[in-house]
Each structure stands twice: as structure tokens, then as C-alpha cells.
Amino acid sequence: MRMLLKVSPQGELGNKAIVDGTFGRVFGQFAERFHPEATYFVTENGQRTAMIFFDLKAESDMVAAAEPFWNELHGTVDWCPAMTPDDVQKGLAALAKR
């Protein structure tokens, strides 16, 4: 299932992770393992935030995906299923058949 994973490193620990290279390493390891289709770095509620779109193959992969962001970046992590316009059209077509 395509997911949006939002990660926000927190405060001074997030700043330290950028300076010491942890930030880049953690995101790089995530990319190597999960091959995101897109990653955007934005601000949300005044915090650095990464929005990562990727295919979550199994619910059990949530642990491997999220733990490094919690443990090494002391970040907040939010999950949300994400659809493309084609996915929405398929859902609407299935709904019309009911």
C-alpha cells in the first residue's frame, strides 16, 4: 500500500543530527531499504518535516521504517495511506458498481 510517512526531527536533538550526519544517514538507509517514489522536505508547524511516499509491503515493515526516525532523530512519525488519481478513479468505479 502506498503510504505517506511524515517525519519531524525534534528541536536540539534534530539540529545535532543534522550537524553530526545522523540525519542524512538515517534518511539514506530508509531510501536504500524502502525505495520511496518521492521524498519532500518541508516545514510543518514550524518544524523540519520530511514527507516520504513509498510502498509499504507489509504492516510489520512499519517497525523497521519508523524506529530509526524515533530512536536516532527523536522525531515524530505520522502515517497516512496515499492514493494517486488512478487509485481514486478505480475506487469510484468500484463504488458505482454497488
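For the condition within 12 Å of the chain's Cα centre (by Cα) and farther than 28 Å from V88 by Cα, what is the one hit in F53, F23, F27, F41?
Being within 12 Å of the chain's Cα centre (by Cα) and farther than 28 Å from V88 by Cα holds for just one of F53, F23, F27, F41, which is F27.
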Which condition number does T22 fail, the rest of (1) without any contact (Cβ under 8 Å) to a residue 12 or more places away in the chain; (2) touching a helix residue (DSSP H, G or I) at 6+ places or on another chain (Cβ under 8 Å) being met? (1)
Please indicate, with yes or no, whether at least one residue in the stretch 54-61 is modelled with pLDDT of 95 or more, in a helix (DSSP H, G or I) and surrounded by 11 or more Cβ atoms within 10 Å (Cβ to Cβ). yes
Would you please name the residue that is nearest to E12 (Cα to Cα), looking only at residues in the stretch 62-98 that are among the polar types (S, T, N, Q) and outside any helix (DSSP H, G or I)? T76
Across the stretch 58-98, the tally of residues that are hydrophobic (A, V, I, L, M, F, W, C) and at positive phi stands at 0
Could you please find all residues in the stretch 1-35 being open to solvent by less than 40 Å² (accessible area, probe 1.4 Å) and either in a loop (DSSP other than H, G, I, E, B) or in contact with an Asp or Glu (Cβ under 6 Å, 6 or more places away or on another chain) (or both)? P9, G21, T22, V26
Go through (1) open to solvent by 60 Å² or more (accessible area, probe 1.4 Å); (2) assigned to a helix (DSSP H, G or I); (3) in contact with a helix residue (DSSP H, G or I) (Cβ under 9 Å, 6 or more places away or on another chain) for R48 and report which single condition fails. (2)
So how many residues does the stretch 36-45 have that are part of a strand (DSSP E or B) and exposed (fewer than 13 other Cβ atoms within 10 Å of the Cβ)? 5
Reported set for the stretch 62-98 where residues are more than 16 Å from V7 (Cα to Cα), touching a residue at least 60 places away in the same chain (Cβ under 8 Å), open to solvent by less than 60 Å² (accessible area, probe 1.4 Å) and not hydroxyl-bearing (S, T, Y) is D87
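The values are calculated or read from the model by the stated rules, or taken from the named source; none is laboratory data. Predicted model only: the values in this text are computed from it and were never measured. Positions of Cβ are backbone-derived with ideal geometry, glycine not excepted, and every protein chain shown enters the neighbour counts. Only protein heavy atoms, including side chains, enter the accessible area calculation; ligands, DNA and RNA are left aside. Shrake-Rupley method; radii C 1.70, N 1.55, O 1.52, S 1.80 Å.
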